[in-house]
1. Residue check, Ser112 against (1) farther than 22 Å from Leu28 by Cα; (2) over 15 Å from the mean Cα position of the chain (by Cα), all met but one. Which one?
2. Identify the residue in segment 4-28 that is in a helix (DSSP H, G or I) and without any contact (Cβ under 8 Å) to a residue 24 or more places away in the chain and, among all such residues, is farthest from Thr59 (Cα to Cα).
3. Within segment 89-109, can you find the residues that are part of a helix (DSSP H, G or I) and either in contact (Cβ under 8 Å) with a residue 60 or more places away in the chain or within 12 Å of the chain's Cα centre (by Cα) (or both)?
4. With crowded, with 21+ Cβ neighbours inside 10 Å, out of contact with any strand residue (DSSP E or B) (no Cβ under 7 Å at 6 or more places or on another chain) and at pLDDT 95 or above as the only criterion, which of Thr125, Thr139 stands out?
5. Going through segment 133-144 one residue at a time, which ones are assigned to a helix (DSSP H, G or I), under 17 Å from Val32 (Cα atoms), free of Cβ contacts under 8 Å to residues at least 60 places away in the same chain and of a type outside the set (Ser, Thr, Tyr)?
6. Looking only at residues that are aliphatic (A, V, I, L, M) and farther than 21 Å from Pro153 by Cα in segment 32-54, which one is nearest to the chain's Cα centre (by Cα)?
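The values are calculated or read from the model by the stated rules, or taken from the named source; none is laboratory data. Keep in mind that this is a model prediction, so the values were computed, not measured. Here Cβ is always computed from backbone atoms with ideal geometry, including for glycine, and neighbour counts include all displayed protein chains.
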Amino acid sequence: MFAGVLVPDTALVRQALDHARNSCEPYLFNHVVRSWLFAVRIGQIRNISHDPEVVAVGTLLHDITLNDRFNGPRRFEVEGADLARTFARQGGVDERRAQLIWDSVALNSTPSIGLYKEAEVALCTAGICLDVVGLQYDTIPPSEIARIANEFPRLDMKRRMTRCFCHIAENVPETTYDNFIRDFGNRFVFGYGAKVPSSDDLVANAPFDE
(Lines give C-alpha, C1' and ligand atoms only; values in the text may rest on other atoms or scores of the structure.)
Protein backbone atom coordinates (compact mmCIF):
# COMPACT_ATOMS: atom_id res chain seq x y z
CA MET A 1 0.00 0.00 0.00
CA PHE A 2 1.43 3.35 -1.10
CA ALA A 3 -0.40 6.57 -0.17
CA GLY A 4 -3.58 4.56 0.25
CA VAL A 5 -3.24 2.88 -3.14
CA LEU A 6 -3.11 -0.91 -3.33
CA VAL A 7 -0.12 -1.82 -5.51
CA PRO A 8 1.66 -5.10 -6.29
CA ASP A 9 4.42 -6.10 -3.89
CA THR A 10 6.73 -8.34 -5.93
CA ALA A 11 10.49 -8.69 -6.20
CA LEU A 12 10.44 -7.01 -9.62
CA VAL A 13 8.46 -4.02 -8.37
CA ARG A 14 10.71 -3.62 -5.34
CA GLN A 15 13.77 -3.75 -7.58
CA ALA A 16 12.25 -1.14 -9.89
CA LEU A 17 11.57 1.14 -6.92
CA ASP A 18 15.15 0.78 -5.72
CA HIS A 19 16.51 1.40 -9.22
CA ALA A 20 14.38 4.51 -9.64
CA ARG A 21 15.42 5.81 -6.23
CA ASN A 22 19.10 5.32 -7.09
CA SER A 23 18.77 6.80 -10.60
CA CYS A 24 16.58 9.85 -9.99
CA GLU A 25 16.86 13.07 -8.02
CA PRO A 26 14.36 13.17 -5.12
CA TYR A 27 11.86 15.34 -6.99
CA LEU A 28 12.00 13.01 -9.99
CA PHE A 29 11.69 9.88 -7.86
CA ASN A 30 8.56 11.34 -6.28
CA HIS A 31 7.25 12.13 -9.78
CA VAL A 32 7.67 8.58 -11.05
CA VAL A 33 6.04 7.14 -7.93
CA ARG A 34 3.10 9.52 -8.23
CA SER A 35 2.82 8.61 -11.92
CA TRP A 36 2.69 4.92 -10.97
CA LEU A 37 0.03 5.49 -8.33
CA PHE A 38 -2.06 7.62 -10.67
CA ALA A 39 -1.78 4.94 -13.38
CA VAL A 40 -2.85 2.27 -10.90
CA ARG A 41 -5.84 4.27 -9.71
CA ILE A 42 -6.98 5.08 -13.24
CA GLY A 43 -6.86 1.37 -14.01
CA GLN A 44 -8.80 0.52 -10.86
CA ILE A 45 -11.41 3.23 -11.31
CA ARG A 46 -12.00 2.34 -14.97
CA ASN A 47 -11.72 -1.40 -14.33
CA ILE A 48 -9.02 -1.83 -16.96
CA SER A 49 -7.47 -5.27 -17.07
CA HIS A 50 -3.68 -4.98 -17.21
CA ASP A 51 -0.33 -6.43 -16.12
CA PRO A 52 0.45 -4.56 -12.86
CA GLU A 53 4.18 -5.32 -12.96
CA VAL A 54 4.54 -3.88 -16.46
CA VAL A 55 2.74 -0.70 -15.39
CA ALA A 56 4.93 -0.47 -12.29
CA VAL A 57 8.23 -0.86 -14.13
CA GLY A 58 7.15 1.34 -17.04
CA THR A 59 6.15 4.26 -14.84
CA LEU A 60 8.89 3.93 -12.24
CA LEU A 61 11.68 3.83 -14.83
CA HIS A 62 10.28 6.20 -17.44
CA ASP A 63 12.53 9.15 -16.51
CA ILE A 64 15.83 7.51 -15.56
CA THR A 65 17.60 9.49 -18.31
CA LEU A 66 16.00 12.85 -17.49
CA ASN A 67 18.84 14.72 -15.83
CA ASP A 68 21.50 17.39 -16.36
CA ARG A 69 23.99 14.76 -17.52
CA PHE A 70 21.99 13.46 -20.47
CA ASN A 71 23.98 13.61 -23.69
CA GLY A 72 22.04 11.52 -26.22
CA PRO A 73 22.71 10.30 -28.80
CA ARG A 74 18.98 9.59 -29.20
CA ARG A 75 16.02 11.27 -27.56
CA PHE A 76 15.94 10.70 -23.82
CA GLU A 77 12.78 8.58 -23.90
CA VAL A 78 14.37 6.06 -26.29
CA GLU A 79 17.59 5.87 -24.30
CA GLY A 80 15.52 5.34 -21.16
CA ALA A 81 13.34 2.73 -22.85
CA ASP A 82 16.40 0.66 -23.74
CA LEU A 83 17.64 0.81 -20.14
CA ALA A 84 14.21 -0.12 -18.78
CA ARG A 85 13.92 -3.08 -21.15
CA THR A 86 17.37 -4.31 -20.15
CA PHE A 87 16.39 -4.01 -16.49
CA ALA A 88 13.22 -6.01 -17.16
CA ARG A 89 15.02 -8.75 -19.05
CA GLN A 90 17.57 -9.09 -16.27
CA GLY A 91 14.66 -9.45 -13.85
CA GLY A 92 13.31 -12.42 -15.78
CA VAL A 93 10.61 -10.61 -17.76
CA ASP A 94 9.74 -12.27 -21.08
CA GLU A 95 10.15 -10.45 -24.40
CA ARG A 96 6.49 -9.52 -24.87
CA ARG A 97 6.25 -7.87 -21.46
CA ALA A 98 9.68 -6.28 -21.84
CA GLN A 99 8.53 -4.74 -25.13
CA LEU A 100 5.45 -3.31 -23.43
CA ILE A 101 7.76 -1.70 -20.88
CA TRP A 102 9.90 -0.31 -23.72
CA ASP A 103 6.84 1.17 -25.40
CA SER A 104 5.59 2.63 -22.12
CA VAL A 105 8.85 4.49 -21.56
CA ALA A 106 9.48 5.51 -25.17
CA LEU A 107 5.95 6.89 -25.58
CA ASN A 108 5.53 8.39 -22.12
CA SER A 109 5.56 11.98 -23.43
CA THR A 110 3.54 11.23 -26.58
CA PRO A 111 -0.03 10.75 -25.36
CA SER A 112 -1.42 11.19 -28.87
CA ILE A 113 0.02 7.71 -29.51
CA GLY A 114 0.56 6.13 -26.09
CA LEU A 115 -3.05 6.46 -24.95
CA TYR A 116 -4.15 4.28 -27.87
CA LYS A 117 -1.66 1.47 -27.35
CA GLU A 118 -2.04 -1.64 -25.16
CA ALA A 119 -3.67 -1.18 -21.75
CA GLU A 120 -0.32 -1.17 -19.95
CA VAL A 121 1.18 1.48 -22.23
CA ALA A 122 -1.98 3.57 -22.10
CA LEU A 123 -2.11 3.46 -18.30
CA CYS A 124 1.56 4.40 -17.96
CA THR A 125 1.00 7.31 -20.34
CA ALA A 126 -2.13 8.40 -18.48
CA GLY A 127 -0.49 8.34 -15.05
CA ILE A 128 2.60 10.20 -16.23
CA CYS A 129 0.67 12.84 -18.16
CA LEU A 130 -1.69 13.38 -15.24
CA ASP A 131 1.26 14.24 -13.02
CA VAL A 132 3.05 16.44 -15.55
CA VAL A 133 0.26 18.34 -17.31
CA GLY A 134 -2.93 17.35 -15.46
CA LEU A 135 -4.34 15.20 -18.28
CA GLN A 136 -7.44 13.33 -17.04
CA TYR A 137 -7.01 15.02 -13.65
CA ASP A 138 -10.73 14.67 -12.88
CA THR A 139 -10.59 10.88 -13.13
CA ILE A 140 -9.21 10.48 -9.60
CA PRO A 141 -10.98 12.03 -6.58
CA PRO A 142 -9.24 15.21 -5.35
CA SER A 143 -8.72 13.76 -1.86
CA GLU A 144 -6.76 10.84 -3.33
CA ILE A 145 -4.61 13.10 -5.48
CA ALA A 146 -3.91 15.27 -2.44
CA ARG A 147 -2.89 12.27 -0.33
CA ILE A 148 -0.51 11.00 -3.02
CA ALA A 149 1.01 14.46 -3.46
CA ASN A 150 1.39 14.89 0.29
CA GLU A 151 3.22 11.58 0.70
CA PHE A 152 5.33 12.13 -2.41
CA PRO A 153 5.64 15.93 -2.67
CA ARG A 154 6.41 17.67 -5.94
CA LEU A 155 9.57 19.41 -4.64
CA ASP A 156 9.58 22.26 -7.19
CA MET A 157 9.06 19.81 -10.05
CA LYS A 158 7.94 22.31 -12.69
CA ARG A 159 11.10 24.38 -12.44
CA ARG A 160 13.46 21.43 -12.06
CA MET A 161 11.93 19.49 -14.94
CA THR A 162 12.01 22.57 -17.16
CA ARG A 163 15.72 22.92 -16.40
CA CYS A 164 16.32 19.34 -17.56
CA PHE A 165 14.33 19.86 -20.75
CA CYS A 166 16.30 23.01 -21.51
CA HIS A 167 19.57 21.17 -20.88
CA ILE A 168 18.59 18.61 -23.50
CA ALA A 169 17.48 21.29 -25.98
CA GLU A 170 20.75 23.15 -25.52
CA ASN A 171 23.17 20.22 -25.52
CA VAL A 172 21.61 17.64 -27.83
CA PRO A 173 19.13 19.65 -29.94
CA GLU A 174 19.22 17.04 -32.70
CA THR A 175 17.20 14.74 -30.42
CA THR A 176 14.40 17.30 -29.99
CA TYR A 177 13.24 18.49 -33.40
CA ASP A 178 10.22 16.16 -33.54
CA ASN A 179 9.06 16.12 -29.92
CA PHE A 180 7.78 18.27 -27.09
CA ILE A 181 11.21 19.44 -25.94
CA ARG A 182 11.28 21.62 -29.05
CA ASP A 183 8.76 23.89 -27.28
CA PHE A 184 11.16 24.39 -24.35
CA GLY A 185 14.05 25.03 -26.71
CA ASN A 186 12.10 27.63 -28.66
CA ARG A 187 10.97 29.44 -25.53
CA PHE A 188 13.99 29.25 -23.24
CA VAL A 189 17.18 28.39 -25.18
CA PHE A 190 18.83 31.21 -27.11
CA GLY A 191 19.67 30.24 -30.69
CA TYR A 192 17.89 26.91 -30.47
CA GLY A 193 15.82 27.44 -33.62
CA ALA A 194 18.93 27.71 -35.79
CA LYS A 195 20.23 24.34 -34.57
CA VAL A 196 17.33 22.06 -35.46
CA PRO A 197 15.48 21.35 -38.71
CA SER A 198 11.77 21.94 -39.06
CA SER A 199 9.39 19.39 -40.53
CA ASP A 200 8.72 21.55 -43.57
CA ASP A 201 12.49 21.74 -44.22
CA LEU A 202 12.73 17.95 -44.06
CA VAL A 203 9.93 17.53 -46.60
CA ALA A 204 11.29 20.22 -48.92
CA ASN A 205 14.82 18.82 -48.79
CA ALA A 206 13.93 15.16 -49.30
CA PRO A 207 16.17 13.65 -52.03
CA PHE A 208 13.45 13.42 -54.66
CA ASP A 209 12.50 15.64 -57.59
CA GLU A 210 8.88 16.04 -56.50
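1. The number of the failed condition is (2).
2. First pass over segment 4-28, keeping only residues in a helix (DSSP H, G or I): 11-23, 26-28.
Keeping just the survivors that are without any contact (Cβ under 8 Å) to a residue 24 or more places away in the chain gives 14, 18, 21-22.
Values: Arg14: 13, Asp18: 13, Arg21: 13, Asn22: 15 Å.
Restricting to residues being in a helix (DSSP H, G or I) and without any contact (Cβ under 8 Å) to a residue 24 or more places away in the chain, the top hit is Asn22.
3. Of the residues in segment 89-109, the ones part of a helix (DSSP H, G or I) are 89-90, 95-106.
Of everything in segment 89-109, those that are part of a helix (DSSP H, G or I) and either in contact (Cβ under 8 Å) with a residue 60 or more places away in the chain or within 12 Å of the chain's Cα centre (by Cα) (or both) turn out to be Ile101, Trp102, Asp103, Ser104, Val105, Ala106.
4. Numbers: Thr139 fails: crowded, with 21+ Cβ neighbours inside 10 Å.
Only one candidate qualifies: Thr125.
5. First, the residues of segment 133-144 that are assigned to a helix (DSSP H, G or I): 133, 137-139, 142-144.
Within this subset, residues satisfying the condition of being under 17 Å from Val32 (Cα atoms) are 133, 137, 144.
Filter again for free of Cβ contacts under 8 Å to residues at least 60 places away in the same chain, leaving 133, 137.
Across segment 133-144, the qualifying residue is only Val133.
6. Pass one, segment 32-54, residues aliphatic (A, V, I, L, M): 32-33, 37, 39-40, 42, 45, 48, 54.
When the remaining residues are screened for being farther than 21 Å from Pro153 by Cα, the result is 45, 48, 54.
Numbers: Ile45: 21, Ile48: 20, Val54: 14 Å.
The selected residue is Val54.
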